[in-house]
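Everything below concerns the one structure shown next.
What follows is calculated from the coordinates using simple rules that are stated; it is not laboratory data. None of these values were measured; they are calculated from a predicted model. Positions of Cβ are generated from backbone atoms using ideal geometry, with glycine treated the same way; all protein chains shown enter the neighbour counts.
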Amino acid sequence: MIARGNIKKGGTDAQGMDVSRIKQDFPALRDGDLVYLDSACQTLRPQCVIDAVTEYYRDYPACGGRSVHRMATRVSVQMDRSREAMAAFLGAKDAQNIIFTKNCTESINLVAKGLSWMKGDVVMTTDLEHNSNHAPWVDLTENIGLKRVIVPTGPGGVFDLDAYQDSFRSQVRLVSMAHTSNVTGTTIPMKEVVEIAHDHGAMVLIDGAQAAPHMPVDVHKTGVDFYALSGHKMLGPSAVGVLYGTDESLESLKPLMLGGGTVGRADYDKVHLAPAPERFEAGLANYSGIIGTGAALDYLSKIGMDNISKHEHRLQRVLQERLDEIEGISLVGPDDPDARSSVFSFNLPGLGSHDVAMMVDEMAAVLIRSGMHCAHPYFYSRGINGCVRASTYIYNDEDDMHRLVDALLKVSKTFCN
Ligand SMILES: Cc1ncc(COP(=O)(O)O)c(C=O)c1O
């Protein structure tokens, strides 16, 4: 049986979450004195996820969905379990609406390359997108005459619903936006975004890479057409992504690749595709990764996404209370900590972001990210040469926030003048 970790349902302290207990589930934290604040890139993995992956390779390393022997059947059953767990996690109607990909980038490309575009169709994004939700649209504007509307965000990257509404025009075919920004931590009001888009006859693709790991998401209630995410940003093994789609939206999509697994019937001159999700999952799959993702979802569900969201907002407030101590710090994001999800981005005066990241690692073993975070246009358009980003998750506590601020104070007092 797959181990499911230490967390018991309701296993929380008075503050909402027992982080010291959670930390014990993560071997990368157990064996060192690190503060890991780069979860927006990849999270650490709990023992139960590592066990699920190891168990696959040790006990039943066969292929799923093809052979009928006992080992293969076990793979198929576990794959189905993960698909069902992901559907339940996202509030999807049916597991058949969940397509496994290799990452959020592939999920977005599946939509960008899979819809049948007409010259002049418009795709609407914000000015704060990750390159994964930017480069595919630039490619289509250059190659098939797609038009792009970029909705400006307000100060600190806060979504501007009026600007969004005002930007609509008749040919908007798709709205494609990050649910939460990986730069500013700001979150768009998904339900309203979807409602307005549907009123204008447009479909909606939401890039949930930075939202699904940190807050409850309900694709069914919001009525979104497509929702993309990465498993490795939510405790799962590397290189597992998901594209959720409604029945109708998946029906309108051509697969990126064809081959084994995608076919219902094939003759020499004709191929009839299998229904979703199989038609989108060509070739052998990342079985261990997908099964490990199922274990990650079980772990997160036991903690509860509401608890996780509240916990991370509490950490933002802890950081905010100490901001004044750091002279000259400038935030790349909203001043209001409640408007930031799990991301805290900033610069220190006169110091490059990579220098700051290296120094806090050297001085205090605090691991943070630096650079432009794959959102180059946002930085170039504002004349900012990148920023430092500390991103939290379930294994971070208030002490970790204080250790980050103490390290920044040291850097600031030593090198900023
Ligand atoms: C908002 C956002 N979208 C998309 C991606 C791409 O995710 P992946 O590298 O898993 O494809 C990221 C990665 O950091 C992201 O933060």
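Between SER381 and LYS113, what length comes free when the chain is fully extended (0.36 nm per residue of separation minus the Cα-Cα distance, one decimal in nm)?
Details: separation 268, 0.36 × 268 = 96.48 nm, distance 2.73 nm.
Contour length minus Cα-Cα distance gives 93.7 nm.
Rg ratio for the chain: its Cα radius of gyration over 2.2 N^0.38 Å, N being its residue count, equals 1.00. In the range 57-301, the convex hull through the Cα atoms has an average projected area of 13.8 nm², a quarter of its surface area.
If a/c stays under 1.5 just call it rounded; otherwise compare a/b with b/c (prolate if a/b is bigger, oblate if not). Do that for the range 229-381, with a ≥ b ≥ c from the square roots of the Cα gyration tensor eigenvalues.
Prolate shape, in that a/c is at least 1.5 and a/b is the bigger ratio.
For the range 299-326 versus the range 79-109, the spacing of their alpha-carbon centroids is 27 Å. Remark: PHE415, PHE226, PHE159 ranked as PHE415, PHE159, PHE226, counting other beta-carbon atoms within 10 Å and listing the fewest first. About its Cα centre, the dipole of the chain is roughly 1080 debye, where the only charges are +1 on Lys and Arg Cβ and -1 on Asp and Glu Cβ.
Label positions at CYS416 and SER20, each projected 7 Å from the Cα along the C-beta direction, are separated by 3.2 nm. Local charge for ILE144 was computed over the other residues whose Cβ lies under 15 Å away, with Lys and Arg +1 and Asp and Glu -1, and equals +3. Computed over neighbours whose Cβ is under 15 Å from that of PRO216, the net charge equals +1, Lys and Arg +1, Asp and Glu -1.
Enumerate the lysines that LYS233 could reach by cross-link, defined here as Cα to Cα under 20 Å, with residues fewer than 8 away along the same chain left out. Answer for LYS233, where 20 Å is the Cα cut-off: LYS23, LYS102, LYS302, LYS310, listed by chain and number. Sorted largest first, the principal axis extents computed over the alpha-carbon atoms of the range 22-114 equal 46, 38, 23 Å. Here the residues MET305, MET359, MET401, ranked from fewest to most Cβ neighbours within 10 Å of their Cβ, fall in the order MET305, MET359, MET401. Cα centroid separation, the range 225-298 to the range 329-407: 34 Å. With a cut-off of 9 Å between beta carbons, the residues surrounding HIS313 carry a summed charge of +2, where Lys and Arg count +1 and Asp and Glu -1. Helices in the chain, meaning DSSP H runs of at least 4 residues, each add -39500 (n - 2.57). Divided by all residues, the mean residue ellipticity at 222 nm is -11500 deg cm²/dmol.
Here the residues GLU312, GLU106, GLU248, GLU195, ranked from fewest to most Cβ neighbours within 10 Å of their Cβ, fall in the order GLU248, GLU195, GLU106, GLU312.
Based on the Kirkwood radius over alpha-carbon pairs, what is the Stokes-Einstein translational diffusion coefficient of the range 62-128 at 20 °C with 1.002 mPa s viscosity, in µm²/s? My calculation gives 145 µm²/s for D.
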